[in-house]
Amino acid sequence: MKNLLLLLSVFITALFATAQTPTDLFFSEYVEGSGNNKAVEIYNPTSQAIDLNNYWVARYSNGSSVYTEGGITHLSGTLQPYKTFVLVNGQTTSTPTSPACSPELQAKANQLDGEYPAPTYMNGNDAIALLKTPNGATPTPTNVTAVDLIGQVGLGNSITAETGWSYVKDTTLNYTANQVQVSGKVINYIVQAKATNGTAFGPFWMSWTSDHTLIRKPKIIKGVAANPSPFIVNLEWDTVAAKVDSAGHLVYKDIWDKLGSHACVADPDYSASVKEKTTNGTLSIFPNPVVDEQFSISSNMKMKSVQVFNIIGNEILRETLALPAKEANIVIGPKESGVYLVKVVFANNSVTVQKILVK
């Protein structure tokens, strides 16, 4: 236990190193689905095969400063250049309190995780680390190197009662919970679990790491360089577009269509694949300039999601269409005058970005 505590202290303060070119592995996808449908994907952005026997995945559970309760898993095998390795929750039978992981998800695994507590028992507010040791030796305070990190280690009580991380900081939001209009707070990018009246649970749609699948942005070529304070999800991660279930509701969990492959600019073939995917979609936006806090989009292809960014790249709106459509009306509400970017993802996953002017 003393070794674990010392290990974490070194982990937070000294072990993350910067790199200008791809030199090591990083997490490329994070699946936090229903029950025990959990997985992480690891990507090799280098031109050399990498021995996975030198790597470990660790979980810092519920704001903990050590991985004692969250578990640690030793990886095995070899990861080829520009390829992925998928670690999936290994539970195959259900208990009254812990369901088995989906066989469909487990079929995508390169390695099944161990028994509880193991890293792939995360629930949205656990930090997940990728660690490295020489020759795969058991991690100690003197031999471990931190390679990548999802989340923030050591949040303690500030995260144990919360639901996850938001993209806005220190604000109060009005929303509907249990069919009642309430207010909820985001403190230091952490979504509060309960409304300010203490009775209704918070805005789960804001919790991007709970019940969601996240994919690392293609521009990311290396792991996190420091324990983030705070962890702002959308700096390096995208949330996958929601799907429509049999009842017509939008759902974000249990989506793993792209698990097992990753698009990264480090891959020499990346430019060709992007060009192939993004040549068909065209947009028409009216009115432009936008004068009444809303605009309409029409396209030659069906759209499935729309995002709006300000000129410095901050996302100010994200809307997923209930069903893919060639037309959509987008309400952006009152905004400062200036240039904004509208990003549309089409049904075939191609992307188009267009400028608008808001007056």
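The values are calculated or read from the model by the stated rules, or taken from the named source; none is laboratory data. Just so we're clear, the structure is a prediction, and the values are computed from it rather than from any experiment. Using ideal geometry, Cβ is built from the backbone for each residue, glycine included, and neighbour counts are taken over all protein chains shown. Areas reflect the complete protein model, heavy atoms only, side chains present, ligands, DNA and RNA absent. Shrake-Rupley method; radii C 1.70, N 1.55, O 1.52, S 1.80 Å.
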Determine, yes or no, whether Lys253 is within 18 Å of the chain's Cα centre (by Cα), surrounded by fewer than 15 Cβ atoms within 10 Å (Cβ to Cβ) and either under 30 Å from Asn36 (Cβ atoms) or at pLDDT 90 or above (or both).
-> no
Kindly provide the set of residues from segment 92-111 that are among the aliphatic types (A, V, I, L, M) and either touching a Leu at 6+ places or on another chain (Cβ under 8 Å) or surrounded by 20 or more Cβ atoms within 10 Å (Cβ to Cβ) (or both), ordered by number.
-> Leu105, Ala109
Of those in segment 200-247 that are open to solvent by 40 Å² or more (accessible area, probe 1.4 Å), part of a loop (DSSP other than H, G, I, E, B) and at pLDDT below 75, the residue nearest to Tyr82 (Cα to Cα) is Asp245
Given (1) part of a strand (DSSP E or B); (2) more than 28 Å from Val153 (Cα to Cα), where does Asp257 come up short, assuming only one miss?
-> (1)
Sole miss for Ser76 among (1) closer than 25 Å to Gly154 by Cα; (2) modelled with pLDDT of 95 or more is condition (1)
Determine if segment 125-147 includes at least one residue that is of a type in the set (Ser, Thr, Tyr) and closer than 29 Å to Val191 by Cβ.
-> no
For Gly154, are the conditions met, namely being surrounded by fewer than 22 Cβ atoms within 10 Å (Cβ to Cβ) and at pLDDT 85 or above?
-> yes
Scanning segment 129-143 residue by residue, those outside any helix (DSSP H, G or I), modelled with pLDDT of 85 or more and open to solvent by 10 Å² or more (accessible area, probe 1.4 Å) turn out to be Lys132, Ala137, Thr138, Pro139, Thr140, Thr142, Asn143
Restricting attention to segment 8-36, and to residues there that are open to solvent by less than 20 Å² (accessible area, probe 1.4 Å) and closer than 30 Å to Thr97 by Cβ, which single residue is modelled with the lowest pLDDT?
-> Leu8
Just to be sure, is Asn89 open to solvent by 30 Å² or more (accessible area, probe 1.4 Å) and touching a helix residue (DSSP H, G or I) at 6+ places or on another chain (Cβ under 8 Å)?
-> no
